[in-house]
1. Against the condition in a strand (DSSP E or B) and open to solvent by less than 80 Å² (accessible area, probe 1.4 Å), how does Val246 come out, does it pass?
2. Only one of these is over 30 Å from Leu180 (Cβ atoms), out of contact with any strand residue (DSSP E or B) (no Cβ under 8 Å at 6 or more places or on another chain) and either buried (at least 17 other Cβ atoms within 10 Å of the Cβ) or small (Gly, Ala, Ser) (or both): Ala265, Ala227, Ala214. Name it.
3. Quick one: how many residues across region 101-132 are within 11 Å of the chain's Cα centre (by Cα), open to solvent by less than 10 Å² (accessible area, probe 1.4 Å) and not small (Gly, Ala, Ser)?
4. What number of residues in region 76-89 are open to solvent by less than 50 Å² (accessible area, probe 1.4 Å) and part of a helix (DSSP H, G or I)?
5. Please return the ranges of helices (runs of 4 or more DSSP H) entirely within region 108-225 where 3 or more residues are at pLDDT below 95 and out of contact with any Pro (no Cβ under 6 Å at 6 or more places or on another chain).
6. Among the charged types (D, E, K, R) and touching a helix residue (DSSP H, G or I) at 6+ places or on another chain (Cβ under 7 Å): which single residue out of Asp10, Asp83, Asp29 fits that description?
7. Select from region 226-238 the residues that are in a strand (DSSP E or B) and among the small types (Gly, Ala, Ser) and list them in ascending order.
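The values are calculated or read from the model by the stated rules, or taken from the named source; none is laboratory data. Values in this document were obtained by computation on a predicted structure and should not be read as measured data. Positions of Cβ are backbone-derived with ideal geometry, glycine not excepted, and every protein chain shown enters the neighbour counts. The accessibility values were calculated without ligands, DNA or RNA, using every heavy atom of the protein model including side chains. Shrake-Rupley method; radii C 1.70, N 1.55, O 1.52, S 1.80 Å.
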Amino acid sequence: MPAEQRRALDAIAGLLRCPACAATVRVGDGQVGCERGHSFNIARQGYASLTSGQGGPGTGDSAAMVMARERFLGGGHYRTLADAIACLAAELDHGAPGLVLDLAGGTGYYLARVLDALRERLGACLDLSAPALRRAARAHPRAAALGADAWQRLPLADGSAALVLSVFGPRNAAEIRRVLAPGGALVIAVPGPDHQRELRGPLGLIGIDERKAARLADAFGGYPSRAVTSVRYQLRLGHADLADLVAMGPSARHIAADALPGLAAALPDPAAVTVDVELRSYQG
């Protein structure tokens, strides 16, 4: 395992818990283990696979989806969004103990920007996708990558997170409440009503859930909530970027990859695309 990735895992080892029995763990050579004999592999790329073995609803992104995301994010198209998340995280950081946890954090793109803003914090990117975790393990020197299902019990101690991020991902409200430290904060990024509206019809994208705000209120109504922060701007994307934008998200599971170039070709080159994202923050 690369030395930098080992240091990142060692730094948060005291906050990790066994996914099988919730006991404390020790990071060893190539494995994470607990005193009860449960052990979990550390991949040679530096991420730890901390899944309990119990099946859940979570599914990891494919290699093709992760490669498309890496190209698209590498083009800077969501940098404005990432900067807004990092700025909000800095405003919400009031010194509560714990790390920054990015749930279903993919390649660690947003976590890295937040850790750049919070220079004293350690981070953990949790995801089910091995291709994403390989990239997350090297996303930031202070970020560890953990293979785990956000829908299951998280392999972390109670009150271990000063800040929890959920960017376009699943949210297990009970587990977020358990791991969030007193005085900590939760930041949730969800698509606004106009997000990628120009592409929904021509490319057959999944629509925006009209009940999302109500469901968030039901799940997190017990938290003091700040005002919603709106991040809205326009992109101009060529056909290759349009294909990556679709291929990296949930619509990729419903649109054949070989059909994407033909669908994109019917749009202007470049095409105007609206980014409309709501950042909802909650204080623990």
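1. Taking the combined requirement at face value, the residue does not satisfy it.
2. Result of the check over Ala265, Ala227, Ala214: Ala265.
3. 6
4. 7
5. In region 108-225, 197-203, 212-220 are the helices (runs of 4 or more DSSP H) which contain 3 or more residues that are at pLDDT below 95 and out of contact with any Pro (no Cβ under 6 Å at 6 or more places or on another chain).
6. Among Asp10, Asp83, Asp29, only Asp83 is among the charged types (D, E, K, R) and touching a helix residue (DSSP H, G or I) at 6+ places or on another chain (Cβ under 7 Å).
7. Within region 226-238, Ser230 is the sole residue that qualifies.
Results for (1) within 24 Å of Ala161 (Cβ to Cβ); (2) touching a Cys at 6+ places or on another chain (Cβ under 7 Å); (3) crowded, with 20+ Cβ neighbours inside 10 Å, shown as yes or no for each residue.
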site: Ile12; (1), (2), (3): yes, no, yes
site: Ala22; (1), (2), (3): yes, no, no
site: Asp29; (1), (2), (3): no, no, no
site: Arg44; (1), (2), (3): no, no, no
site: Leu50; (1), (2), (3): yes, no, yes
